[in-house]
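Comments concern the structure below.
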Amino acid sequence: MSMKPLCVKLSVQPSRGLVDEKFTVLVQNLLPGFQLTVHALHQCEDGHSWEAFAHYTADATGTVNVSQDPSLDGTYSGVEPMGLLWSLRPVPGSKSGLRMRKKNVQTPMVVTISVYQGHQMEGFLDRVLLASVVVERWYMAPGVRRVPITDGKLTATLFLPSGPGPFPGLLDLWGNGGKLVEYRAALLASHGIASMALDYLTPQITKETGKIVDNDYFETAYRVLEQHPQILGSRIAMLGLSFGTSVTLRMAVYSQVVKLSCAVCISGSHVQPIGGSVEEILSYFKKNADKTRFDENKQVICRDLLLPIPTDPSLKVDMGRLQCPLMLVVGEDDQNWPTYECAMDMKEMMERAGNSHLLTVLSYKNAGHLIEPPFMPFARASTFKTVTNPPTKVMVLWGGELVAHSRAQEEAWRKTLVFLRENLYGSMKHGA
Amino acid sequence: MSHTGPPVVSVHPSRAMVDEAFKVQVENLPPGSPVTLHSLHQSEDKDYWEAFGHYVSDHRGTVSVADDLSCGGTYTGKEAMGLLWSMRPVPGSREGLRLRKLNVCIPQLVNISVYSGHVGGGFREQDPLASALTERWYMAPGVRRIDIKEKGVRGTLFIPHGPGPFPGLLDMWGGGGGLLEYRAALLASHGYASMALEYFNPAEVNTAELELNYFETAFNIVRDHPQVMSDRVGLFGLSLGSIVSISLAALSSVVKPCCCVCISGNHTHARGGTIGGVFNEFFKNLHKVRMDENKYEIWRGMGLPIPDDISQKVDVGKISCPILLVNGDDDQNWPTVECAEDMAQMMRAAGNEHLLTRLEYPDAGHLIEPPYSPHFRATKFIKDGQKVILLWGGTTKPHSDAQEDSWKKILAFLQQNMYSSSGPRAKL
């Protein structure tokens, strides 16, 4: 039975939200038992289109509430309030190996949520569109200020929360892909933490001199935070993902300058030649390059490069010397780094040394390497451009399974925010 | 180094529509500490508006405006939205200000701050402990704004996002004139293709010639738009805009509104006159204008007594669509409640009273605006080319309650009459 388009009422609340906020998708004025498809469409900055969809049946009151009702089929199934976002995938015919990452954080991610008649699996453009709304997802809360930083030859962006401050600070490090990736720091600032995204593999100084930066580059970044008039110098944290963890652990344990209130290390390892330069860490990984494997799709599996975990203490950060709270977040299906094994080794080192009360490990079954802020699309593999000279493009297998990985991202982010708030804000228990 | 970090103010959602509620919280305060929550907004005219409430943090060091009681300030009691609706111009501002958004494509920015102690003023001279900026929007994402200048009609049309077609509305403000888009933008954000109509300029002589056919043309522009359901176009008015709506609904042979929402309107003007003439008619009764102790003009006397002579009133017995009247019983600008009572009697006699729904609010004034807008008790107005201050009436808290309640009921009325598959129904 066809539905008069006039009647169907679709609403998404909030229509403008932060990327880590949940929304409620409500479809009303349907006939009871009516079959419909809820569809999400997003065109990212690179011009690629991403979509997600789910099949629902209206209840006796003629309503579908995505937060409460089960999807029968689609890019996700079951009751999934945010499935329309985390199950987004490139539309049929797209290039392979795509990964969605927002570059310009000052504009929102725009998603069109639509309702179609019937249970569609594809070909949405020629079906009966009943209603459609536009939703904005923001990385920056109102009042957050974006400040490019070039002091001390850094290539960085500082995000200051709304208000007079002063605020706790945070140094935010991504991994081997290099470049200046701002979105996580912008989001952390939206939660009250003055966060600096730091490009440390491809900064201006490296482009000019050809040399990879060393420890003093990170100490300079820390000092910029510490001395900033709107930042509390005694409350600074570091957050690193992948190779960013290697730097974070090195700074946390060995630096005389960097004094952290706490650290968060996502999908990383403590395995590195201690006492060497950052460049030497990169070379150490490359030494085992022959351990690279390929799966049946010719995707690159790098996890064996750091295995077995060395017993030689000069090849691991001495975790027993860590003096600040540390949260480790790892995916047990990480195909890029052996992060679960490293987390277990770090735990063991700290138990032996007697400082394991500082450690929290969040370990997620069937989650992969790229544990990012929640509700973003999942990439089990994607094309990756190395920062080697010359750079090569490979298809890297990150690992993880869609639903488990998305759940892991949601929980890990929530717990990361609580951890940061407790350590940076003192005895705060709840957050916005 | 202090044991806990700085306090944090949060507003959730940080970006919202102007008619959406928010939750303001302060955390990480010392337990049991007196604080002041303060809101600040700088209008497009560069005036500052503020509100504030006095609170004491609980044992966890938290203040939650939605749950806790304000014990002083511009509002008291449990008022989740008090920081918005109790706003008023800061001390030292010009007299008679009214807050109306002109550019609806960008949000209204409100800064919410927390100050130490129970502060009664001088907020600009001291530093808050923390603050958060929040955005309040009249336009939902995806709503389209279209300038209309055709067939002599001037207005702005707002179309909701989506395939349509949508029910339509002609949106008309009052005797202050000009082109105010904000309510039409908000209505479009609720799914109604709405046109804000510019039709009146009190300084212009040719306004007096304004006849029903200007509005009929405007109505048809909405009706004929490809994304509008031609049999579901309604009228929405306030003050003079309501007078136009009532007249069109009763008299026009050209337009058949699906339903009408009339805020602070009346039916008492001579039959056969032009719309512009209606306004000028008022000036025949200028001797009935009173002044209050501040020299603000009270016009409601001009509308009394309600004439018995039906030639002095619009024939509301001819209205054939559901009509919702929204009025405040402290309306000092016009005796709108008395008019509504008279309209009900006329419609009862004519047999169409089942189409009428009346909402009347105690201690509310004339300017019943979308919810959480500040209360405008008296504001500047151009009368006969001169600047005067008109008393609109109302007391802030009951007036704000009226704005909140009436908007909910207006949206439900529109939903029932314009979106329901069973077609228009009269009563809410």
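The values are calculated or read from the model by the stated rules, or taken from the named source; none is laboratory data. None of the values given here were measured: they were computed from a predicted structure. Heads up, the Cβs are rebuilt from the backbone with ideal geometry, glycines too, and the neighbour counts pull from every protein chain shown.
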Going residue by residue through the stretch A:95-114, is there one that turns out to be over 30 Å from A:T157 (Cβ atoms) and part of a strand (DSSP E or B)?
yes
Of the residues in the stretch A:110-134 that are among the small types (G, A, S) and at the interface with chain B (Cβ under 10 Å from one of its Cβ atoms), the one that is surrounded by the fewest Cβ atoms within 10 Å (Cβ to Cβ) is A:S132
Restricting attention to the stretch B:147-165, the residues that are in a loop (DSSP other than H, G, I, E, B) and either within 10 Å of chain A (Cβ to nearest Cβ) or among the acidic types (D, E) (or both) number exactly 6
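If you scan the stretch A:375-403, which residues turn out to be over 13 Å from A:S96 (Cα atoms) and under 15 Å from the mean Cα position of the chain (by Cα)?
Those that are over 13 Å from A:S96 (Cα atoms) and under 15 Å from the mean Cα position of the chain (by Cα): A:F375, A:M376, A:P377, A:F378, A:W398, A:G399, A:G400, A:L402.
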Quick test of your reading of the structure: B:G303 fulfils all but one of (1) surrounded by fewer than 17 Cβ atoms within 10 Å (Cβ to Cβ); (2) in contact with a helix residue (DSSP H, G or I) (Cβ under 8 Å, 6 or more places away or on another chain); (3) touching a residue at least 24 places away in the same chain (Cβ under 8 Å). Name the failing condition by number.
(1)
Of the residues in the stretch A:80-137, how many are basic (K, R) and more than 30 Å from A:K385 (Cα to Cα)?
1
Taking the criterion of being within 12 Å of another protein chain (Cβ to nearest Cβ) and either in contact (Cβ under 8 Å) with a residue 24 or more places away in the chain or among the hydrophobic types (A, V, I, L, M, F, W, C) (or both), would at least one residue in the stretch A:91-109 satisfy it?
yes
Given the options B:V110, B:V114, name the one that is in contact (Cβ under 8 Å) with a residue 12 or more places away in the chain, in contact with a His (Cβ under 7 Å, 6 or more places away or on another chain), within 14 Å of chain A (Cβ to nearest Cβ) and aliphatic (A, V, I, L, M).
B:V110
Among residues belonging to the stretch B:349-385 that are among the charged types (D, E, K, R) and touching a residue at least 24 places away in the same chain (Cβ under 8 Å), point out the one that is nearest to B:C258 (Cα to Cα).
B:R358
Please go through the stretch A:151-202 and pick out each residue that is buried (at least 24 other Cβ atoms within 10 Å of the Cβ), within 14 Å of chain B (Cβ to nearest Cβ) and in a loop (DSSP other than H, G, I, E, B).
A:P161, A:S162, A:G163, A:S190, A:G192, A:I193
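Rundown of residues vs (1) in contact with an Asp or Glu (Cβ under 6 Å, 6 or more places away or on another chain); (2) farther than 18 Å from A:V144 by Cα; (3) charged (D, E, K, R), yes/no style:
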| site | (1), (2), (3) |
| --- | --- |
| A:I193 | no, no, no |
| A:I212 | yes, yes, no |
| A:Q230 | no, no, no |
| A:M238 | no, yes, no |
Taking the conditions exactly as written (modelled with pLDDT under 95, surrounded by 21 or more Cβ atoms within 10 Å (Cβ to Cβ) and either in a loop (DSSP other than H, G, I, E, B) or touching a strand residue (DSSP E or B) at 6+ places or on another chain (Cβ under 8 Å) (or both)), does B:G5 satisfy them or not?
yes
Which one of these does A:I281 not meet: (1) closer than 18 Å to A:N336 by Cβ; (2) at pLDDT 95 or above?
(2)
Residues of the stretch A:125-150 being part of a loop (DSSP other than H, G, I, E, B), within 27 Å of A:L41 (Cα to Cα) and not basic (K, R), in sequence order, are A:V128, A:Y139, A:M140, A:A141, A:P142
Counting only strands (runs of 3 or more DSSP E) entirely within the stretch A:1-67, those with at least 2 residues that are of a type in the set (S, T, Y), on the phi > 0 side of the Ramachandran plot and away from every other protein chain (no Cβ under 12 Å) are none
Any idea which of A:W138, A:W86 is away from every other protein chain (no Cβ under 14 Å), of a type in the set (F, W, Y) and in contact (Cβ under 8 Å) with a residue 24 or more places away in the chain?
A:W86
How many residues does the stretch A:203-238 hold that are more than 14 Å from chain B (Cβ to nearest Cβ), in contact with a helix residue (DSSP H, G or I) (Cβ under 7 Å, 6 or more places away or on another chain) and not polar (S, T, N, Q)?
7
Does the stretch B:125-146 hold any residues that are of a type in the set (A, V, I, L, M), without any contact (Cβ under 8 Å) to a residue 24 or more places away in the chain and either within 7 Å of chain A (Cβ to nearest Cβ) or surrounded by 24 or more Cβ atoms within 10 Å (Cβ to Cβ) (or both), and which are they?
none
When you scan the stretch B:25-43, how many residues do you find that are at the interface with chain A (Cβ under 10 Å from one of its Cβ atoms) and part of a strand (DSSP E or B)?
2
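Quick one: would you say B:L179 is more than 12 Å from every other protein chain (Cβ to nearest Cβ), surrounded by fewer than 24 Cβ atoms within 10 Å (Cβ to Cβ) and at negative phi? Steps first, please.
Values: more than 12 Å from every other protein chain (Cβ to nearest Cβ): yes; surrounded by fewer than 24 Cβ atoms within 10 Å (Cβ to Cβ): yes; at negative phi: yes.
Spelling it out, B:L179 is indeed more than 12 Å from every other protein chain (Cβ to nearest Cβ), surrounded by fewer than 24 Cβ atoms within 10 Å (Cβ to Cβ) and at negative phi.
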